[in-house]
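Written below as structure tokens is the structure these notes are about.
The values are calculated or read from the model by the stated rules, or taken from the named source; none is laboratory data. Model, not experiment: these values are computed from the prediction. Virtual Cβ from ideal backbone geometry, glycine too; neighbours counted across all protein chains shown. Side chains included, ligands, DNA and RNA excluded: accessible areas come from the protein's heavy atoms. Shrake-Rupley method; radii C 1.70, N 1.55, O 1.52, S 1.80 Å.
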Amino acid sequence: MPRGDGGSELYAPPPLRTVARVDTTTSAGAARNLPDDTRFDTVLVLDYGSQYTPLIARRIREAGVYSEIVPWDLSRDRLRELALKGIVLSGSDASVHDENAPRLPAWLLELDLPVLGICYGLQLVAHTLGGSVGRGERREYGPAELEIIDAEHPLFAGCPQSSRVWMSHGDKVLEAPADFRQIARTDGSEVAALSRDAITLIQFHPEVNHTESGRQILRNFVVDICGCRPDWNAGSFVDGTVGAIREQVADAGMLLGISGGVDSAVAAALVHAAVGDRLRCIFVDTGLLRANEVAEVEESLRTGTGLNLVTVDAADRFLDKLKGVADPERKREIIGDEFFAVFIEEAAKLDGIEFFVQGTIYPDTIESGSAGLGSVKIKTHHNTRIPDRLHLKVIEPLRRLFKDEVREVGLELELPESLVWRQPFPGPGLAVRLIGEITRKRVAALQAADRIFREEVAAAGLEREISQYFAALTGIRTVGVMGDSRTYGEVAALRAVTTDDFMTADWYRLPDDVLARTSSRIVNEVSAITRVVYDVTSKPPGTIEWE
Ligand code: XMP
């Protein structure tokens with residue numbers, strides 16, 4: 001799904017969510033990965049732990065080639081299910097001289113496939129094949145000028161002879177292993193790129209935006225050197241997945257929980273395209289949705305897709321169970337349990353349901369540590385808990401997609417744009433934005449503040465520019481003054497971020513006048529709130545939600 005983007009460059013996994021995950025090996029059915037792995041020419045990225053690893057896979061997919069991230073010690077028999085055409089070795093914080101430094105898998109050089117080693121990947125191959133790797137005089141971090149020595153090398157086709165690249169390393173190659181040719185240099189790294197037969201090694205990071213020819217270099221590797229067909233796109237994904245779902249589920253009925261966010265809506269549209277009304281969708285109104293959300297979601301999904309959708313009003317039971325609970329993990333537990341209690345009751349009313357569809361996407365699996373080919377049969381769940389009692393097999397048709405790819409698939413399926421571009425909304429809903437106890441009064445105050453913020457962002461025409469924006473109630477109470485009297489109420493926080501993968505994010509520089517209008521309206525129109533603050537923390541080190 002080729003596309004251009006700006007966006008953040010750093011990836012550091014946040015702490016795992018401990019409550020919202022369950023290993024489905026213990027549940028009725030292991031999740032299925034769709035479509036069939038052999039459909040697309042594939043380039044694997046062996047992950048040695050670099051913060052940039054997910055970006056490598058993204059850039060390769062932008063070139064129209066399917067790519068997945070796998071652990072560096074993946075066993076060889078895992079490769080059998082793939083149309084594997086090449087392998088990229090990521091960077092790492094490690095040094096090849098560390099005692100427990102990650103190594104090359106034994107099978108790598110036996111396969112005789114094209115290999116691209118990036119940063120640590122270069123050092124590791126050089127070290128393993130007898131070259132010399134050592135500390136440079138100082139760590140090289142930041143931009144450098146790359147000079148191509150071998151302009152005929154296919155990795156550099158279409159690249160200028162000299163261009164800016166991004167460096168981030170402590171060690172470097174001091175002496176190349178036998179038979180390797182030096183094909184590029186920088187002032188800080190005499191050996192900035194090496195080549196021998198199908199192995200190409202580079203010290204710089206082509207995956208980050210700061211490397212001017214980075215996209216071209218990765219495209220050259222996957223298309224020209226590996227010979228991949230660049231046929232990974234929204235259309236081919238939809239065709240393959242629809243066919244695979246039909247084959248896998250035969251005549252069975254399927255159940256899906258609509259959350260109000262884009263992932264579950266796209267998953268629903270995709271499965272609906274495969275099995276029609278045999279897919280039953282349930283939208284649980286937990287009482288923790290945004291203002292007007294039920295009507296908006298119903299409207300866009302029914303008219304936009306013709307989905308077989310039931311809305312269950314469960315607000316009272318959720319809010320009653322949450323009474324007096326302030327601990328965030330406990331709230332998640334209660335909501336997860338109640339959610340599935342509702343689901344189980346609704347599922348019991350339907351005949352022939354055998355599958356449960358989840359809108360898990362690729363970053364969810366990376367964040368919960370279950371990404372990679374290991375995920376083919378065994379899954380860990382970030383979004384929801386699936387108790388054994390559900391007795392349904394799980395299908396996760398979006399499990400391979402980054403968020404922007406999910407949106408492209410939504411557009412391919414002709415979902416309304418308003419839905420495709422809807423900002424994400426967490427499964428536990430406003431509960432993660434109400435710090436402290438959840439009461440009906442606080443929910444109503446937060447809904448009102450959030451609605452005002454959304455109205456003001458829309459009025460400023462910024463909806464598409466900001467990836468996610470919302471209000472939260474911080475749980476702090478402060479004094480204020482209105483007219484002649486003192487007030488005592490809550491502090492609301494506004495959060496707005498830009499990101500392209502939700503794994504890293506930057507806070508959005510909202511124009512002063514939008515902030516001013518939003519703040520003034522909230523304090524005037526929502527009596528429970530007396531003060532408004534703006535969150536200027538990026539992720540990492542913060543998270544997007546407050547919780
Ligand atoms: P954090 O707060 O971890 O959020 O930076 C990253 C993205 O995930 C959303 N989020 C969730 N989505 N179930 C979901 O489906 C959850 O439990 C959950 N918690 C956070 C969050 O809104 C943001 O887009």
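List of remarks:
- Verdict on residue 77 being charged (D, E, K, R), in the same structural domain as residue 140 (by TED's automatic domain parsing) and modelled with pLDDT of 90 or more: no
- Against the conditions (1) touching a residue at least 24 places away in the same chain (Cβ under 8 Å); (2) surrounded by fewer than 19 Cβ atoms within 10 Å (Cβ to Cβ), residue 239 satisfies every one except (1).
- Test for residue 342: is it away from the ligand (no atom under 16 Å from the Cβ), open to solvent by less than 10 Å² (accessible area, probe 1.4 Å), closer than 29 Å to residue 406 by Cα and in contact (Cβ under 8 Å) with a residue 40 or more places away in the chain: yes
- Hey, residue 245 more than 29 Å from residue 52 (Cα to Cα) and β-branched (Val, Ile, Thr) or not: yes
- The set of residues from the range 105-114 being more than 29 Å from the chain's Cα centre (by Cα) and in a loop (DSSP other than H, G, I, E, B) comprises 106, 107, 111, 112.
- Tally of residues being among the small types (Gly, Ala, Ser) and under 23 Å from residue 225 (Cβ atoms) across the range 107-142: 4
- Screening the candidates 31, 101 for the property of being at pLDDT below 90, touching a Ser or Thr at 6+ places or on another chain (Cβ under 9 Å) and farther than 30 Å from residue 498 by Cα yields one hit, 31.
- Tabulated pairs, the range 168-184, first farther than 24 Å from residue 98 by Cα and at pLDDT 95 or above, second open to solvent by 70 Å² or more (accessible area, probe 1.4 Å) and in a loop (DSSP other than H, G, I, E, B), C-beta under 8 angstrom, 6+ apart or interchain: 182/149; 182/190; 183/149; 184/149
- Residue 263 out of contact with any strand residue (DSSP E or B) (no Cβ under 7 Å at 6 or more places or on another chain), part of a loop (DSSP other than H, G, I, E, B) and outside the structural domain of residue 52 (by TED's automatic domain parsing): no
- The listed residue being acidic (Asp, Glu) and closer than 28 Å to residue 433 by Cβ, out of 251, 224, 320, 231: 320
- Selection within the range 502-547: residues that are free of Cβ contacts under 8 Å to residues at least 24 places away in the same chain and within 16 Å of the ligand (Cβ to nearest atom). The member of this set that is surrounded by the fewest Cβ atoms within 10 Å (Cβ to Cβ) is 541.
- Condition check for residue 271: within 24 Å of residue 68 (Cα to Cα), open to solvent by less than 40 Å² (accessible area, probe 1.4 Å) and in contact with a Pro (Cβ under 7 Å, 6 or more places away or on another chain): yes
- Candidates in the range 288-308 are the residues that are touching an Asp or Glu at 6+ places or on another chain (Cβ under 7 Å) and not in a helix (DSSP H, G or I); of these, the one that is surrounded by the most Cβ atoms within 10 Å (Cβ to Cβ) is 290.
- The range 309-334, residues that are under 27 Å from the mean Cα position of the chain (by Cα), more than 25 Å from residue 262 (Cα to Cα) and open to solvent by less than 50 Å² (accessible area, probe 1.4 Å): none
- Total residues in the range 420-444, condition open to solvent by 10 Å² or more (accessible area, probe 1.4 Å) and away from the ligand (no atom under 16 Å from the Cβ): 7
- Answer residue from the range 475-507, given it is touching a Phe, Trp or Tyr at 6+ places or on another chain (Cβ under 7 Å) and modelled with pLDDT of 90 or more and is farthest from residue 430 (Cα to Cα) among those: 479
- Some residue of the range 457-466 being over 25 Å from residue 403 (Cα atoms) and not in a loop (DSSP other than H, G, I, E, B): yes
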